[in-house]
Each structure stands twice: as C-alpha cells, then as structure tokens.
Amino acid sequence: MAGNTQPAEQLDERYRVAGATAEQQQAVDVLTRQFLLTDERLGAIIKEFRRRMEVGLAADSTMLKMVLSHVVWRPTGQETGSYFAIDLGGTNLRVLRVTLDGKGGATSVHQKFVLPEEAKKRTLFDFIAQCVETFLDDHNMRPAASEPPLSIGFTFSYPIDQKSINSGTLIHWTKGLSVPGCIGRDVVRLLEDALLRLGLRVKVAAVVSDTVSTLLAAAYSDPAAQMGVIFGTGTNAAYYEDVASIAKWKGADPASGEMVVSIEWGAFDSEEFAILPFTPHDIKLDRKSLNPRGQAYEKMISGMYLGEIARNIMLWLADQRLLLDGRSSAILNAMWSLDTSYLSSAAVDNTPDLAEIRQIIEKTLDVPGSTLVDRRIFKTIAILVGERAARLSAVGLVATLTKRPDLLSKPITVAIDGSMYEHYPGFACIMAETASHFIPEGQFKNIRFSPTKDGSGVGAAVIAMLATQQQQQ
Ligand code: BGC
C-alpha cells in the first residue's frame, strides 16, 4: 500500500489552518499528504485501471466485471411511443411512463418513492411491485385482463451478470442493500414474481444498469453520446465497446458491431487494495461496512461514503485532543451520522465565523462549543475528502476514454448524473481539470461532459422500446 509522497513544504497554502496550534497543523499536514494525489500517482492508477478493464473484457469473474449489457443499438431520436420504466437507485425508486416524441425529446409522468430501510434489508422486490401498483392505479393505467401485459424497462443499479437483455443474476449488493436470498438469482424473475403476487401483468423487456440507461437517454437526443457515468450514492460507468475487443463475448456479432459495457468500476482495487490511496480512515470505514474489501474505488468517491470518511477523521483528531478539545457525542460516535451533503455545505461555507459549519458540528452532530479553528479544520477535511473523490473520479473517465482513442478524434458526449456530480462544490470542475492532464489537448477539446439529470428513467424506456422492436423483427 504505497503512501502519497508529497513533501510537506510543497503543500498548498489552502491547507494551512489560520490560528491552529503547531500540533493541529501537523495533523492537518498528515491528512493533506494522504489525500492530495500527484499526477504521477494518478497516472499509475489510470494505467492499472486500463489493465483491469482488458482483463475484464477477456474473462468473467474478475475485479472489473465489464458487464455485457446486450444493448447493441443506438437510438436515432426518431423513435416514438410510450413506454414504462422502473428506476431503482441507491436511495430512491421511480416509476415512470415515458413518451418519446420522435425528435429526441421525451416527457414523462412519474412517481418517486424513497427506499425504506425495510426494503433495503428485506422486502425490496415486494416494495417495488407495490410502487408499480400504486403508480398504475393512481394514473388509471392498470392493464385489463384482456389486454397484453405491460412491457417495462427496469433500471437496476446493482451489479448483475447478464446473459440476455431481460435477465441478470445479482453478483452482490452495494450501497447499503442487504436483502437476503437474491445473490445468484435473476432479478427480473424476482421482480416479475413479486408483480404477479399482486396480480399485475407486467413483462420486463430489458434490465439495465443506471449507467447504461443514462447513456441511452443521452443518445436519444445526441448521436455523439458514448459514455454514461454515475457519481451518486454509488459510482459506475458504461460505454460503447467494439465487439471485436470483447474476447469473452461468445454470441453472434451484432450488426452494429458494438455493445454497451457496464464497467462496474466501483469495484476497482477491491479485495487487493493494491493501488488506491488508502488511509487509515478508509480502512476503518471498509472494515465496518456491509461489504468489507468490496467496492474499494466507490468507497473513496461516492456520496454514500464520503461523510463517513470525514467522521472517522474527526474522531481521529478528537482522540488526540486536536479537535473540539477532545469532545465527541453519541451522534458523532455513531457510524454514518455525517451525511455527505454536510460536507458539500461545509466546503463552501465562506461566512466569517463559518456559521454553517457551526450548525453542523453543534446542532447536527451535537457537539457544542466549537472554536473557529475547529470549524476551519472541519472545512479543510471536507475539501480534502471531496477533492480526492473528484480527482479519483477522473481515473475511470480517462482510462475509459483513452481506451477508444478512435472516438476521441471527433466530438463525443459523456452523459453524467448523480448527486456528487450535481451538488458537490467543485466536483465537476476538478474532475474535468484532472482528466485534462491525461488526455492530449486536441482530443480533450472534443469531449463534452453533459449533466443528464434523471436520465436513467428515460433511458430504460428507450431501451425497452429498442428491445421490443428487436423481438418483433
Ligand atoms: C453499483 C452499480 C451502479 C452504481 C451507480 C454501484 O454501487 O454497483 O451497478 O451503476 O452504483 O448507481
């Protein structure tokens, strides 16, 4: 496990905490050295990432799963009609009816449900079925017994092994889900069975990763879309790969010659912990997580985890009496009590007395009596953890984009969604800036990073339509 080797004297002034004691500053310097990543270090990680992508395209069951989505089409934007979709993410579930207008645009009627803890731990598929029922009943869309079953696109944001467009066995849960009895089983069957238990005749036409559906949603209006990325509760990306480069693909070559591959990049460096910049705070999080040694890359980047890394750092400092005079609280002591959204607010608190941060420490975390220096240290932690996440995010992007240099010679669109990308201050800029260090300027200018909010619902509907069309041919 190599450490980052940036000498202290080169550390950025931004990480000097005004008014800190020498001991406090020393501890912040330790953190800064751990969390800042040099281009040299990032370059080595990118190289290893690329190698792992190749390994995953050659064989099953490797660290990067390189899931074959069986999506071998690109929409033209002229497709029309109404299609249903279920969009299951890490935090929410949406049920939609999407109408494609044939001009690259789409409108939707949708309902959003927050995933309750009970569903995350036990009743997920019954919960989804109930949401579909609520949606259909509320909108008067339940199919009559005489009508054909409803065809639906299912965005399932967890790793599955796909043998066809409408089946996929769960590899493992991520993002805090732990529903028993699902690993190794076809999630489409689990869903259709739950729907049948409610007497709903619904057929899943396609099951897709949220990255694949985000990509297809963008592709519906933009022929240059090549990659779909999620930086949200979890992280992952999908891209169009040349079938000739997918050694493990044993099926007939599609007419298009390409297939969307979902990298499942959150698992990069899992089990091995060989190259990512693990700090003791990451290791502590990992040990206590639901999936120890799993989703190593995701745990440094995504919204589910950053708050917890920061909480570990706070306790490390408090235990040395370098923060909050060594005080903590039942809340601060509890795992996951610091939501990543608080780091977002802290990173941009520019009030003279850091009022927002005071609120977080004293009210949310219930540790009264913070000093201005405590609050400055908290802000520095938020910046360090967030900036490392943004820089590491560039690793996967660069590795994927440079894998197909043929695509970089003309304009290409990278569709991106997720709360980290959308809300974390500076995330999008730092990510793009870091990526620019590793892609020649002439190619980099062809890349358009395009925020694609809530694309996964529309994308699932587009894919359901393309899959249905294909079956009818
Ligand atoms: C899952 C991926 C998903 C990503 C983004 C990860 O935890 O393993 O399947 O695409 O989160 O939602």
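Percent relative contact order of the chain, based on C-alpha pairs within less than 8 angstrom and at least six residues apart? Relative contact order comes out at 20 percent. Apply the a/c threshold of 1.5 to the C-alpha gyration tensor of the range 274-387 and tell me whether it is rounded, prolate or oblate. In terms of gyration-tensor shape, prolate. If R0 equals 35 Å, the separation of the Cβ atoms of Thr364 and Asn92 corresponds to a calculated FRET efficiency of about 0.95.
Taking 0.36 nm per residue of sequence separation and removing the Cα-Cα distance, the Gln473/Cys429 pair yields an extension gain of 11.4 nm. Among rounded, prolate and oblate, which fits the range 335-378 when a ≥ b ≥ c are the square roots of the eigenvalues of its C-alpha gyration tensor, a/c under 1.5 means rounded, and a/b larger than b/c means prolate? Oblate. Our coupling estimate for the range 75-81, obtained by passing each phi through the Karplus curve with A = 6.51, B = -1.76, C = 1.60 and θ = phi - 60°, is x, 8, x, 9, 5, 10, x Hz, Gly and Pro reported as x. Across q = 0.11, 0.15, 0.16 Å⁻¹, the range 372-473 modelled as identical point scatterers on its alpha-carbon atoms has Debye log10 I(q)/I(0) values of -0.48, -0.76, -0.83, in the order of the q list. The base-10 log of I(q)/I(0) for the range 98-214, evaluated at q = 0.10, 0.14, 0.23 Å⁻¹, reads -0.32, -0.64, -1.54 [Debye formula, identical scatterers on Cα atoms, solvent excluded].
The ellipsoid equivalent to the alpha-carbon distribution of the range 48-167 has semi-axes of 30, 21, 13 angstrom, derived from the gyration tensor eigenvalues as √(5λ) and listed largest first.
Using all pairs of distinct alpha-carbon atoms, the Kirkwood hydrodynamic radius of the range 248-299 works out to 13.2 angstrom. How large, in Å, is the chain by the Kirkwood hydrodynamic radius built from its alpha-carbon pairs? Radius from the Kirkwood sum: 23.2 Å.
Counted over the range 229-274 with a bin width of 10 Å, the fraction of Cα pairs per bin, in whole percents, is 23, 39, 30, 9. Each label point was placed 7 Å from the Cα along the Cα-to-Cβ direction; for His437 and Asn333 their separation is 4.1 nm. Pairwise Cα separations in the range 13-62 fall into 10 Å bins from 0 onward with the following percentages, short to long: 21, 28, 20, 17, 12, 2.
Label positions at Val55 and Ala247, each projected 7 Å from the Cα along the C-beta direction, are separated by 1.3 nm. Computing FRET efficiency as 1/(1 + (r/R0)^6) for Ser345 and Glu271, where r is the C-beta to C-beta distance and R0 is 41 Å, gives about 0.75.
State the antiparallel share, in %, of DSSP beta bridges confined to the chain, rounding to the nearest 5. In the chain, DSSP labels about 60 percent of beta bridges as antiparallel. Look at the alpha carbon pairs under 8 Å that are at least 6 residues apart: their mean separation over the length of the range 201-256 gives a relative contact order of 25 percent. The calculated FRET efficiency for Asp101 paired with Thr371, based on their beta-carbon distance and R0 = 60 Å, is about 0.55.
Only the coordinates and a few stated rules stand behind these numbers; no lab work does. Predicted model, so just to flag it, every value in this text is computed and none were measured. Note that we place each Cβ from the backbone using ideal geometry, even for glycine, and neighbour counts take in every protein chain shown.
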